[in-house]
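To start, the structure under review is shown below, and the notes come after it.
The values are calculated or read from the model by the stated rules, or taken from the named source; none is laboratory data. Because the structure is predicted, anything quoted here is derived from the model rather than measured. Neighbour counts run over all protein chains shown; Cβ positions are idealised from the backbone, glycine included.
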Amino acid sequence: MLELIYNSEKPYDLQRDYILDWIKSKQGRYFGQHIVDAFIEACKPERFWLDIENISTNPDVLTRVHPSVQEPMSLSIIKSIAVVFAVIIDKKSTFTHE
């Protein structure tokens, strides 16, 4: 969700406090405590914000931000994951629930 509230037209240091406050305010509704704590810890280094600010000019940033885990999956595993998402969506949406 960071990409939804981050404005690439503004310097990151003018947005940092707003973003942190926004993330904290969504704790319990959108994010669990452990997610908020992890984000607060991850964004402490200045490099985090510089990477966010330069993400469009430095595609290597995405490689550094997420772990390089590759797990081969069979079609049956992918279908199982799709069923989980379908159940979640059906529970949340009145449009798709049968």
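Worth a mention:
- Restricting the range 12-44 to residues that are over 14 Å from the mean Cα position of the chain (by Cα) and polar (S, T, N, Q), the residue that is surrounded by the fewest Cβ atoms within 10 Å (Cβ to Cβ) is Gln33.
- When the criteria are applied in full, Ala38 fails the requirement of being of a type in the set (Gly, Ala, Ser), more than 29 Å from Lys92 (Cα to Cα) and at pLDDT 85 or above.
- Each residue in the range 22-39 was checked for being closer than 19 Å to Asn7 by Cα and hydrophobic (A, V, I, L, M, F, W, C), and 3 pass.
Okay, residues lined up against (1) out of contact with any Asp or Glu (no Cβ under 7 Å at 6 or more places or on another chain); (2) at pLDDT below 75; (3) not in a helix (DSSP H, G or I):
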{"position": "Lys10", "(1), (2), (3)": "yes, no, yes"}
{"position": "Tyr18", "(1), (2), (3)": "yes, no, no"}
{"position": "Phe48", "(1), (2), (3)": "yes, no, no"}
{"position": "Pro67", "(1), (2), (3)": "yes, yes, yes"}
{"position": "Glu71", "(1), (2), (3)": "yes, no, yes"}
{"position": "Ser76", "(1), (2), (3)": "yes, no, no"}
{"position": "Ile89", "(1), (2), (3)": "yes, no, no"}
{"position": "Phe95", "(1), (2), (3)": "yes, yes, yes"}
